Amino acid sequence: MKRILAVLSVFVLSLSILAAGGSGEAAKDDPIDSMALILSGPANDQGWNAVAVAGLEATAEQFGLETTIMENVSIADSEAAYRQLAAEGYDIVIGHGYQYGEPAAAVSHEFPSKYFLATESDSYSDNAASYVMACEQGAYIMGILCAGMSESGTIGVIGGFEQPSIIKEVEAFKLAAATVNPDINVMSIYINSFTDTNLGYEAAMTMINHGADVIYQVANQAGNGAIIACSEKGVYCCGNSYDQNSIAPDYVLSSTIYNMDQVMKTAVSSILDGTFTGGVYNLGMDKGVVEIAPYHSLDSVIPADLKDLVSETVEAITSGELQVPVIAEASK
Amino acid sequence: MTDTLSLIASFASSALRQAAPLSLAGLGVAYAEKAGILNIGEEGIMLGGAFAGFITAYFTGSLALGILGGAAGGIVISMIHAFLSIKAKANQTISGLALNFFTLGLTSFLFLLAFGQGSSLPSIANLKPVAIPILSSIPFIGEVLFRQNVLVYVLYIAIAAFSVFFYRTEWGISLTAVGENPQAADSAGINVYRTRYLACLVNGIFGGLGGCFITLGQLGYFQEDIVSGKGYIALVAVILGRHNPILIFLSAAMIGLAESLQFSMQAMGVQLPSQAFSMLPYVVAVIVLLFSIGRSTTPAAVGIPYERDKR
């Protein structure tokens, strides 16, 4: 009896998956009421992914959506993840990271009534879109701040993987640093990991030993190790993804903040009011998606003219007067 | 000149910092393998130690208790492996792999239970370097070797103790006998099961210490999968070091050196793709393995459960 039940339930399950896949136009009338989030690492990484989870919660609350999260999804599993979540009936599936763009567009054709989103990517289709956060704008500001705070004339930036979404931050950082001090030496290290905190720690140690006295990190969870190294060596640093001042209050000058809730709310409201079209959308400081964290207790350490320069640059970027270029190729 | 020397010294201490957790774990693995216990689950043991060490230090506020907690965490995971492979006579490769996944899930779950989800990082002050009087004032060597945290000194002592124990004591000989030919050891009156349980205990202690070196000695916080593969690298160090405590340390140091070297080269702006740099430690490991072909030191009975009534 048990076996028959099991076989039956598997049969019903597969039928329902088929139905979800083939429903097409008919399902368009269904209300949009659920959303799933795909993450590259753990949800509680106190960084990149935690920011996305917070964004999902805020969005769900505003629009009354049912949500789920899939953690630790590797690149190889990402197509399957999109497919599974769509088959389970989630109306909107969003992958948080550059690597999820291609899979989103690929799977989107199989589920024409669902919406497939990815952040930081460049792929799209009729029902798939990429939302690019203008992270380079934040990195540009950090470049000005780090270069302005450096006494040794050497600063460093630590990147996770050498991929477009990280390279654009590293390059914008270098560009901005040179505008403050044309002779500045900006070291860059890609540690090829978003999760190995030890590598972030050792990369920062290496830079400090080579004379760097301010360091910026763009390496998600692994970057937290860089902040620990800086606080150990008494070197200033800048954080990423959210306000990281709490990790080392005496050393984290400021952080680039990504307001993922703004990204998701923009996407969901366009879907709900029927204005959604597939494409690549750039969201930056003007939309409130990218922000700079306050200086907290280090406010008195930063010279007034540097603070002025930072706030002027933020204004120029927000108003569109200053365009920070997006550089996809790493320079050495 | 002094600048170059201090740069080399900081470079060497970076290598030592990366070698220390690998060597601590490696010593434990070598002990277990000498007794005939294969432990692919070293990654899990280190993760257990890293987590237990952090959580103990966080809630008691004492780093000393944290270190003890780390060792205990390693023991718990290791003893599961001991039970499965000695008592239940399970396939040790499968048991070890299962332990790795089990520990990854368990520590992440417990961490979530203890601290919840959020964007603040629960952290503690980590172990500070302690300068050994006199020795630390030796130029260069003192700076590299004797200005480290207490776990590094534990490592030095353990290397010396294991070197004597493995090759100069009757216990060490019995251990080797159990790993090479458990039947013969049994007939000679050595308790094979007890020796193997003890080996797993030692492996747990040192794997746990290696794990809490990362959370207590270096970072001062815990995150999911914080060991990120170092348990596997420790296994490589044991094979490269051919189960010899000093050689294990040197192999781990070489892997650490390759890692520091790739960061230094990137920081100095050497024109190469970063992915090529990240390969370096593994390339070094493969090359050394090539040179040691045909000189395997793996004990004959590694991975084979001992059954008393079988021939």
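The values are calculated or read from the model by the stated rules, or taken from the named source; none is laboratory data. Computed from a prediction, not measured in an experiment: that's the story for all the values here. Positions of Cβ are generated from backbone atoms using ideal geometry, with glycine treated the same way; all protein chains shown enter the neighbour counts.
For (1) within 26 Å of B:ALA82 (Cβ to Cβ); (2) within 14 Å of another protein chain (Cβ to nearest Cβ), each residue gets a yes or a no:
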site	(1), (2)
B:LYS230	yes, yes
B:ILE246	no, no
B:PRO299	yes, no
B:LYS310	yes, no
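Checking each residue in the range A:299-332 for being in contact (Cβ under 8 Å) with a residue 60 or more places away in the chain and either of a type in the set (Gly, Ala, Ser) or outside any loop (DSSP other than H, G, I, E, B) (or both) picks out A:LEU306, A:LEU309, A:VAL310, A:THR313, A:VAL314, A:ILE317, A:ALA328, A:ALA330, A:SER331. Just a yes or no: is a residue in the range A:146-156 touching a residue at least 40 places away in the same chain (Cβ under 8 Å) and in the same structural domain as A:THR277 (by TED's automatic domain parsing)? No. Among all positions in the range B:264-283, there is no residue which is in contact (Cβ under 8 Å) with a residue 60 or more places away in the chain, within 18 Å of the chain's Cα centre (by Cα) and crowded, with 17+ Cβ neighbours inside 10 Å.
Can we say A:SER246 is of a type in the set (Ser, Thr, Tyr), modelled with pLDDT under 95 and within 26 Å of A:SER193 (Cα to Cα)? Yes. Looking at B:ARG242, is it touching a residue at least 12 places away in the same chain (Cβ under 8 Å), more than 12 Å from every other protein chain (Cβ to nearest Cβ), charged (D, E, K, R) and assigned to a helix (DSSP H, G or I)? Against the criterion (touching a residue at least 12 places away in the same chain (Cβ under 8 Å), more than 12 Å from every other protein chain (Cβ to nearest Cβ), charged (D, E, K, R) and assigned to a helix (DSSP H, G or I)), B:ARG242 does not qualify. Residue-level check: of (1) touching a helix residue (DSSP H, G or I) at 6+ places or on another chain (Cβ under 7 Å); (2) outside any helix (DSSP H, G or I), B:SER23 misses just (2). Of everything in the range A:228-239, what is outside any helix (DSSP H, G or I) and small (Gly, Ala, Ser)? Give them in sequence order. The answer is A:GLY234, A:GLY239. Within the range B:285-311, residues that are more than 15 Å from B:GLY241 (Cβ to Cβ) and surrounded by fewer than 13 Cβ atoms within 10 Å (Cβ to Cβ) have Cβ atoms under 9 Å from residues that are charged (D, E, K, R) and modelled with pLDDT of 80 or more in these pairs: B:ALA300/B:GLU180; B:GLU307/B:LYS89; B:ARG308/B:ASP186, counting only partners at least 6 apart in sequence or on another chain. Being within 14 Å of another protein chain (Cβ to nearest Cβ), in contact (Cβ under 8 Å) with a residue 60 or more places away in the chain and of a type in the set (Ser, Thr, Tyr) is a description that applies to B:SER13. Taking the conditions (1) of a type in the set (Asp, Glu); (2) surrounded by 19 or more Cβ atoms within 10 Å (Cβ to Cβ); (3) more than 30 Å from A:ASN198 (Cα to Cα) in turn, A:GLU120 satisfies each one other than (3). In this structure, is A:GLU202 free of Cβ contacts under 8 Å to residues at least 60 places away in the same chain, touching a helix residue (DSSP H, G or I) at 6+ places or on another chain (Cβ under 9 Å) and crowded, with 23+ Cβ neighbours inside 10 Å? In short, yes. Residues that are among the small types (Gly, Ala, Ser), within 9 Å of chain B (Cβ to nearest Cβ) and not in a helix (DSSP H, G or I): does the range A:216-227 have at least one? No - not one qualifying residue is present in the range A:216-227.
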